[in-house]
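The next block holds one structure in the form of structure tokens; read it before the comments.
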Amino acid sequence: MAVFELQPPLTAEERLHKRKLIFRDLISLSGLFAITVVLAVLTWFLFNSFARHRQELAQRWLARGQAAMVGGHPEQAVEAFRSALEYDPAQRQTEIKLAMALEAADRVVEATSYFNTLLETEPGNGIINLELARLSARQANKPKAIEYFQRALDGTWQGDGYERRRAVRLELARYLLDQKDYPRARTQLLIAAGNAPDDPAIKMQIAGMMEEAQDPENALAIYRAVARQKPSPVQSFQGAGRVAYSLGRFALAREYLEQAVNHPDFLSEPESVRTPVRQMLADTIDLLALYPESDLEIRERADRILHVARIAQARLQACSASKATSVASLADLAARWQENRATLTPLTLARDPQLEQTIMNLIFDTEKQTAQACGAPTGDDALLLKIAQSSRSVEEK
Amino acid sequence: MNADAAVEVKKEAAAPHQHDLDKIAPSRDERLFLVLSIFIGVLSGLLVVCFRVAIEWIRILTLGSAPHPGQYRLLLAPTLAGLVVAALVQWFFPAARGSGVNQTKAALYIYNGYISFRTVIGKFITAAIAIGSGHSLGPEDPSLQIGAGVASMVARRLRLSRQRLRLFAPIGAAAGLAAAFNAPISAILFVIEEVIGRWSAAVLGSIVLSAISSVVVARWFWGSEAIFRIPQVTLRDPRELTAYAVLGVAGGISALVFSKALGYLRPRLRSLARWTHFFQPALAGLLVGAIGFFGFPQVMGPGYGVMDQAMHGQFAWQLLVALALFKILATTLSFSSGTPGGMFAPTLFIGAMLGAAVGSFEKHYFPHLTGTIGAYALVGMGVLFAGFLRAPLTSVFMVLEVSGNYSIVLPVILANTIAYLLSRSLQPVPIFEVFTRQDGLELPSMEEQREEHELHIEDALRPVHVPILGGSTPIEAVSATLSSANAPALLVQLWDGSWYAMSKDEVAGAAVTLTGDTPIERALKPDRAPMLFPDLPLDNTLHYFPRWPLLPILNRANKSKLEGVVTLEDVLKRYQDL
């Protein structure tokens, strides 16, 4: 209603006052505006100068932190990375570096807490999950470690994610091997082998871990595949020979071990590697010299069988003689040898392949049971025992 | 301040009188008010940005870019800064002492909104030196006072009325605080809760305008996360509320310890000989520096970076608890020594550390139950705010505003309420009021003011005990009814639904001058009983009683229906019973 109220007219003096007032207000507001503009410009310069300095400080402390990490001073790195983050807070990579420095400085609780916080903002981050897996492994929390490793495998990675995931998988496999969880380790290694690029070094690493995971067949397959490549590393021949030997595939082992020994790089291998390879090759040659191979002439095979039969009988006699009382299993073996005495001639054996097999079985049984009764054999008996333990695969290639 | 204020009064006397202004430009103040609110917001925002940059520069120059234990500069910088600041405060800027909140309230309630330019400059310089060199204080309260000072200067420059001048102080205070805290809603609520004490529609619009203007300016420079990065906030499991309740208890106890420590040390240091006031900030600086030197440099300065790190889970819970305790000690020393600087940042720091400690502990021992550590740190901030500063509404909205996530409202309310009630029951006088009393001032208690019970008409209402008659009733019948009822007055309902309360004398007068068959409405005076409703303030009725013997109280939905009546005796009795 006030709008419609009549205002008393202003006197001339009041009108003058009003004009002065309006003029003064305009001047004041203009002054205020000018002050605001000047202050804004000053603030802008001040702030920008400050922001640049903060960036410089952030870079400087980041570099110091990285140098401290490289120099093996994680405690210093923690402080440096913290300072870098203070001046440039939202740098995810610096945050991860700080957490890793905490971990390296054995501040496991802080590192875990920090990584967990980082994970909350980025649950799919591969490296954070990997670091949490490592921390869980350090804290002997196997289920958590495996869970985080798996999340790291499924997570996102900057750069070459394919390569990083393989590295994580191999790290998981190594962790499982250390935990003696061979079945799970084998699974991871098989996946890694299936996805591995055509890189001999990686394949060799996987094959070596497969050996540790008690999976010699797959290890051998990888060694052989690498050995087929040109040029192939000497380690592939050594590995293939070693695994074939452990599998009782002595013919194959001799083939690879000979190639290893004849490889130009073999001499550059350390002595600790060369000696067992040479020993294995020598054993393989001796062993195959005793073994009646299927591709020998019939007569020659019969002679070899008779030769090893004599060795086995001598072992039985010596073992029986060493025992004060009669051992049933040994007596049983002696009886079986007695039964077959008449047939132990080259001619009989040459005529009857079935008999060959029977005698060979008797030889193998003799070596196995005397080993049980009288301890590990030496010399030819030791070689025969090896053949006995993998009699079906000696010639397998 | 008094001398400056006197000069200003003289200037005002030279200006046209307010009643002249009302005549020649009646709507001038109103129009300028909103425009100036924006100017005040922008200027406060710019000044607060400069203030924070100055603090950071001084920090880097005095404490180095990465202070760590064992650096002698941690001992030297706050000590020397304490000497410089004390000299400045004692010789040049005596009004710059303290946090700034009570000074702004004093300006509002005692000095008619007057804050001198010298105070603003003094506060800027001394607080920047003190906070930058490592004293355990924060920039928010000084920003609040700087904003209020800017507003006061602008309003004086425009020669606004004294009433307007008084209103500008809270407008500037809200702008300064909003820019410093980067949270306009919280700043507005804080100013309403702690400076003005009650909701006032007259000033709310201007406060909002200035606060938003200042935050826009601050964000233009600092970005949306000016103080710390806001972590993800979640409530994972309802059982987490137990942990939040524990946080509320821990916060309440910490607030009590903090208040008691300040309440004990501050008056004792103030009562020492005047010459010691030149050395108290230096000694406090030395002790705070020693805390940093021997292992906890994080407690030096406002500690936003540390809050950010705590919120993002960079510390173990044991360290977080230690930081909270040392911060209480360091802030008590710095503040009690009279060093200019605020209590906001230390309060938030202590709360964040406590919250993060509870969160980290839970995360470590009950990992399947816990949300983010950042959520606990944020709630912890609110808890200390509620418990120590006693601003419960601000504390809740602050967390919600800062987090931008309403899913956390339940833990916030639970923890804050526990802390507030605990602190209030153990320490009845809020900390700002403690300071006010120690300074010998009598400012209104905002907590009491907030909780004042305002009486309404319904509180004095009584059932209608007098006759009610229609306007067409003959005077003769009216007289008879009044006599038989033996009532002091009666109510007449007129044809248009309005009411008239007629006294016994009035009826008698009408009976003498008019014939008995005249309708009573002809005997009524032209005015009508006021339209009053039960929900109106009771004091609204007082100025009607000289005219009316009693007042009919109407139903808002149906004005011809009466809810009851009130008499002067009823009203006075109700006030006497209060």
Which is farthest toward the positive dipole end of region B:164-321 among B:Leu209, B:Ala261, B:Ala179, measuring Cα position about the Cα centre, with Cβ charges +1 (Lys, Arg) and -1 (Asp, Glu)? B:Ala261
With -39,500 (n - 2.57) per DSSP H segment of 4 or more residues and division by the full residue count of the protein assembly as shown, the 222 nm estimate, nearest 500 deg cm²/dmol, is -22500 deg cm²/dmol
Give the value in nm², to one decimal: projected area of the alpha carbon convex hull of region A:133-205, averaged over all directions. 4.9 nm²
FRET efficiency estimate (nearest 0.05) - Cβ-Cβ, A:Ser30 to B:Glu521, R0 45 angstrom: 0.10
Can you pull the accessible area of B:Trp317 for me, 1.4 Å probe, Å² to the nearest 10? 70 Å²
Test item: Cα-centred dipole of the protein assembly as shown, Lys/Arg +1 and Asp/Glu -1 on Cβ, debye: 2160 debye
Would you list the P(r) distribution for region A:1-144, with all Cα-Cα distances sorted into 5 Å bins from 0 and each bin expressed as a whole %? 2, 9, 12, 12, 10, 7, 5, 4, 4, 4, 4, 4, 4, 5, 5, 4, 3, 1, 0, 0
Mean Cβ neighbour count within 10 Å, used as a protection proxy, ranking A:227-236, B:161-170, A:30-39 highest first: B:161-170, A:227-236, A:30-39
Please calculate how many Å² of accessible area chain A carries per residue, with a 1.4 Å probe and no DNA, RNA or ligand atoms counted. 52 Å²
Probe of 1.4 angstrom, ligands and nucleic acids ignored: what's the accessible area per residue over region B:240-451, in square angstrom? 32 Å²
Compactness index (Cα Rg / 2.2 N^0.38 Å), region B:2-222: 1.07
Starting from the exponent 0.38 and prefactor 2.2 Å, build the expected Rg for chain A from its residue count and divide its actual Cα Rg by it. 1.90
Please give the total accessible area that chains B and A bury against each other, computed with a 1.4 Å probe and expressed in Å² to the nearest 100. 4200 Å²
Amide H neighbours of B:Gly470 under 5 Å, at least 5 residues apart or on other chains, H built in the peptide plane: list them. B:Gln493
For the protein assembly as shown, the convex hull over Cα atoms projects on average to an area in nm² of 67.7 nm²
How much length, in nm to one decimal, is gained on full extension between A:Thr325 and A:Lys397, taken as 0.36 nm per residue of separation minus their Cα-Cα distance? 21.5 nm
Based on Cβ point charges of +1 for Lys and Arg and -1 for Asp and Glu, what charge dipole magnitude is obtained for chain B about its Cα centre, in debye rounded to the nearest 20? 1860 debye
Can you tell me the equivalent ellipsoid semi-axes for chain B? Use √(5λ) from the Cα gyration tensor, largest first, whole Å. 56, 29, 20
Modelled FRET efficiency - R0 51 Å, A:Ala335 with A:Glu212, Cβ distances, 0.05 increments: 0.70
What nm value, rounded to one decimal, do you get for the distance between A:Ala167 and A:Ala314 when each label is placed 7 Å out toward the C-beta? 5.8 nm
P(r) tail fraction, region A:198-290 - alpha-carbon pairs more than 18 Å apart, %: 40 percent
Taking the Cα centre as origin and putting +1 on Lys and Arg beta-carbons and -1 on Asp and Glu beta-carbons, what dipole magnitude results for region B:2-222, to the nearest 20 debye? 300 debye
Under the rule of at least 5 residues apart or a separate chain, name every residue whose amide H is placed under 5 Å from the amide H of B:Thr234. B:Thr372, B:Ala375
Separation of region A:281-299 and region B:470-494 by C-alpha centroid, Å? 141 Å
Check B:Val565: other-chain or 5+ apart residues with amide H under 5 Å from its amide H, H built from backbone geometry? B:Arg462, B:Val464, B:Ile553
With a Förster radius of 25 Å, plug the Cβ-Cβ distance of A:His307 and A:Leu267 into 1/(1 + (r/R0)^6) and report the FRET value to the nearest 0.05. 0.10
I'd like the carbon and sulfur percentage of the solvent accessible area for chain B, probe radius 1.4 Å, heavy atoms only, ligands and nucleic acids excluded. 63 percent
Quote the accessible area belonging to B:His453 in square angstrom, nearest 10, computed with a 1.4 Å probe and with ligands, DNA and RNA left uncounted. 120 Å²
Give me the aspartates and glutamates in straight-line cross-link reach of A:Lys397: C-alpha distance below 15 Å, same-chain residues under 8 apart excluded. A:Glu217, A:Glu255, A:Glu258, A:Glu293, A:Asp295
Inter-chain shielding of B:312-320 (mean C-beta neighbours from other protein chains, 10 Å cut-off): 6
Could you tell me which helices of chain B pass both thresholds, a Cα extent of 27 Å or more along their own axis and a mean Kyte-Doolittle hydropathy of at least 0.5, with helices taken as whole DSSP H runs? B:28-63, B:162-181, B:201-222, B:240-270, B:317-336, B:344-365
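The values are calculated or read from the model by the stated rules, or taken from the named source; none is laboratory data. This structure is a prediction, so every number in the text was calculated from the model and none was measured. Note that each Cβ is placed from the backbone with ideal geometry, even for glycine, and that neighbours are counted across all protein chains shown. With ligands, DNA and RNA removed, areas are computed over all heavy atoms of the protein, side chains included. Shrake-Rupley method; radii C 1.70, N 1.55, O 1.52, S 1.80 Å.
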